[in-house]
Amino acid sequence: MFLTVKDVMVKKVIAIESDQTVKNAAILMNKHRIGCCIVSKNDKIVGMLTERDILTRLVAVSGDPDKTTVSEIMSEPAIVVEPSLALDEAVKLMFEHRIKKLPVVKSSKNQRKLVGIVTLTDIARVHPQLIKTLKGLFEMIKENPPRSIDKVIGYYIV
């Protein structure tokens with residue numbers, strides 16, 4: 001069975017403008033019960049803001065969420081994929097960039113429209129064999145996966 005990003009992506013995506021405060025982002029993330037949001041500037045995806053970004057780049061350094069903008073602490077650049085990308089290629093991108101989330105964009109003419117997000121957890125739910133492949137890639141290079149990816153591997157592979 002050949003699966004693509006479109007087959008497993010979440011279509012309801014929450015985005016926030018890069019000039020918004022981290023407090024506004026946290027309120028938005030809490031409201032929608034999500035762990036990340038896509039960051040845009042002038043209708044272009046410029047990064048991702050995750051709970052981890054907020055913890056490590058704001059809370060841990062005693063930053064002010066009312067004065068800090070999303071662009072100051074977001075993860076960048078955003079690695080984006082098309083809906084037609086094969087799932088195994090999405091996993092390879094996640095491996096290469098040590099990330100768990102990929103915004104999904106549909107390109108047309110000179111425009112890219114945000115249409116979804118795919119996460120390592122989404123992929124693991126529908127295709128655990130790809131997670132075994134990811135584990136094998138880390139073993140092959142004799143490197144431990146980042147803790148967040150290791151948690152997904154541990155949960156879906158016994």
Open item on the list: Among the residues of the stretch 1-13, what is the count of those that are exposed (fewer than 15 other Cβ atoms within 10 Å of the Cβ), part of a loop (DSSP other than H, G, I, E, B) and of a type in the set (A, V, I, L, M)?
Closed with: 1
- [ ] Identify, from the list Leu87, Leu93, the residue that is of a type outside the set (Lys, Arg), at pLDDT below 95 and buried (at least 20 other Cβ atoms within 10 Å of the Cβ).
- [x] Leu87
Open item on the list: Can you find, within the stretch 131-158, the residue that is nearest to Arg52 (Cα to Cα) among those that are touching a residue at least 24 places away in the same chain (Cβ under 8 Å) and of a type in the set (S, T, N, Q)?
Closed with: Ser148
Task: Selection within the stretch 15-45 - among the β-branched types (Val, Ile, Thr), modelled with pLDDT of 95 or more and not in a helix (DSSP H, G or I) - done: Ile16, Thr21, Ile38, Val39
Open item on the list: Could you list, ordered by first residue, the pairs with Cβ atoms under 6 Å in which the first is in the stretch 101-130 and surrounded by 20 or more Cβ atoms within 10 Å (Cβ to Cβ) and the second is among the small types (Gly, Ala, Ser) and in a loop (DSSP other than H, G, I, E, B), at least 6 apart or interchain?
Closed with: Pro103/Ala78
Task: Extreme residue, nearest to the chain's Cα centre (by Cα), among residues of the stretch 40-87 that are farther than 20 Å from Pro146 by Cβ and of a type in the set (S, T, N, Q) - done: Ser40
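The values are calculated or read from the model by the stated rules, or taken from the named source; none is laboratory data. Given the structure is predicted, the values throughout are model-derived calculations rather than measurements. Glycine gets a Cβ as well: all are built from the backbone with ideal geometry, and neighbour counts include every protein chain shown.
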